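Written out below as structure tokens is the structure these notes cover.
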Amino acid sequence: MTAALETHRLTKRFGKGAPAVDAVSLNVPRRAIYGFLGANGAGKTTTLKLVLGLLRADSGTIRLFGEDAAKARTSIGSLIETPSTYDHLTGRQNLDLTRILLGLPRREIDRVLDIVDLRGAGDERVGGYSLGMRQRLGIARALLGNPRLLILDEPTNGLDPDGIRDMRHLLRRLPETGDVTLIVSSHLLSEVEQVATHVGLLHRGRLLVESRLDALLGGIAAVEVDTGDRPRAAMILGGAGFSVRQSEAGNLLVDAEDPAEIAALLVREGQSLSHLARHRPSLEGIYHRHIAQAA
Ligand code: ATP
């Protein structure tokens with residue numbers, strides 16, 4: 001199946017320094033929820049603006065659903081940077097402006113208000129909306145016309161915990177509304193981990209990793225263990241040929257599949273275990289490991 005978005009060595013330079021986007025080749029499968037990750041300044045917004053045609057690339061190509069991007073951009077809806085709204089108008093009236101521009105039927109408004117759970121507040125003035133409601137209104141506007149690809153740049157930026165939770169539920173729901181692919185840029189790794197099917201990690205303009213999320217999280221088996229004498233335990237494990245690191249919690253992290261094997265080895269050598277668990281890697285741990293390797 002053709003990808004929703006495919007870029008090939010996309011490059012954009014501002015001024016003389018290093019490129020903001022450096023030979024980035026993305027592959028976003030259809031129906032993915034693609035978490036586009038990277039620190040501030042990594043180049044996420046610039047990449048998304050290139051895809052949307054808001055900036056012109058220095059080199060590289062962009063294909064949308066197998067077609068040249070210039071021909072297929074009508075299939076994208078986007079929310080990039082803070083959505084601009086007319087505060088004295090209601091949510092419904094704000095959407096109506098875009099609906100008329102796009103030449104869409106009036107019933108489109110109710111459809112998108114339902115998706116973002118704003119039907120009840122649709123007749124209230126946007127001036128009274130919370131930031132979370134404004135973001136959802138921005139997404140409703142991006143959904144007008146039923147785009148096949150939805151690009152959301154930092155949709156959780158500035159939201160409180162309730163707003164972040166609502167946004168998470170909305171993002172999970174969106175692919176169920178039809179044949180839609182979602183690209184969501186964020187630096188909230190734990191949020192991305194909860195919603196994404198795929199991730200791409202950008203660092204200083206370069207794509208460091210692109211993978212299915214389950215492959216990334218499931219790829220590294222490890223056992224987390226601790227004893228009363230951590231240095232001795234590390235020696236025993238190392239002596240038996242296991243590679244040992246420190247876990248985020250400060251315990252020993254052993255590259256091994258089977259916790260029972262590690263426990264038996266340590267007990268045989270007179271160690272008493274105070275902690276034993278299969279280690280589940282987090283997106284945050286993987287993110288930092290890749291950034292450290294790139295440095
Ligand atoms: P953030 O999370 O802060 O939005 P980002 O990953 O989206 O970060 P970009 O906004 O794409 O990063 O910025 C990438 C780099 O390009 C930064 O160093 C930024 O200063 C630079 N940059 C972005 N837009 C411009 C511009 N219009 N002119 C000059 N430099 C720019």
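No lab work stands behind these numbers, since they all come straight from the coordinates. It should be emphasised that the depicted structure is a prediction, and the values quoted were computed from it without experimental measurement. Methodologically, a virtual Cβ is constructed for each residue, glycine included, from the backbone with ideal geometry; neighbour enumeration extends over all protein chains shown.
P(r) tail for the chain: Cα pairs beyond 32 Å make up 39% of the total. Packing, taken as the mean count of other beta carbons within 10 Å per residue, orders the peptides 108-118, 241-251 from highest to lowest as 108-118, 241-251.
A convex hull fitted around the alpha carbon atoms of segment 196-244 yields 133 Å³ per residue.
Could you tally the net charge around residue 3, taking each other residue with its Cβ under 9 Å from the Cβ of residue 3, Lys/Arg +1 and Asp/Glu -1?
+1
For segment 132-137, 3J(HN,Hα) computed residue by residue from phi via the Karplus equation (6.51, -1.76, 1.60; θ = phi - 60°) reads x, 5, 4, 4, 5, 5 Hz, glycine and proline entered as x.
Scaling the Cα radius of gyration of segment 47-198 by the globular reference 2.2 N^0.38 Å produces a ratio of 1.03. Rg over Rh for segment 146-255 works out to 1.13, using Cα positions for both radii and the Kirkwood form for Rh.
Straight-line reach from residue 16: taking Cα to Cα under 27 Å and skipping same-chain neighbours fewer than 8 places apart, the lysines in range are 44, 49. Which Cα, out of 149, 189, 238, lies furthest along the positive dipole direction of segment 129-241 (beta carbon charges, K/R +1, D/E -1)? Checking the options against the dipole of segment 129-241, the answer is 149. Here the sum of -39500 (n - 2.57) over DSSP H runs of 4 or more residues, divided by the residues of the chain, equals -10500 deg cm²/dmol at 222 nm, to the nearest 500. The distance between label points at residue 294 and residue 257 comes to 3.2 nm (points 7 Å beyond Cα on the Cα→Cβ vector). Backbone amide hydrogens, once placed in the peptide plane, bring residue 256 within less than 5 Å of 222, 223, excluding anything fewer than 5 places away on its chain. In this simple spin-label approximation, residue 172 and residue 268 carry label points 7 Å from Cα along the Cα→Cβ vector, and these lie 4.4 nm apart.
With charges set only on the Cβ (+1 for Lys and Arg, -1 for Asp and Glu), what does the dipole of segment 5-217 come to about its Cα centre, in debye to the nearest 20?
With Lys and Arg at +1 and Asp and Glu at -1, about 620 debye.
Per residue and in cubic angstrom, what volume does the convex hull of the Cα atoms of segment 220-294 have? Could the numbers behind the result be given before it?
On the way: hull volume 6.6 nm³, N = 75.
About 88 Å³ per residue, rounded to a whole number.
Its Cα gyration tensor gives segment 1-72 an equivalent ellipsoid, and the semi-axes of that ellipsoid, as √(5λ) in whole Å with the largest first, are 21, 14, 9.
Among 44-56, 159-171, sorting by the average number of other beta carbon atoms lying within 10 angstrom of each residue, highest first, gives 44-56, 159-171. Between the Cα long axis of helix 259-268 and the first principal axis of the chain there is an angle of about 20°, rounded to the nearest 10.
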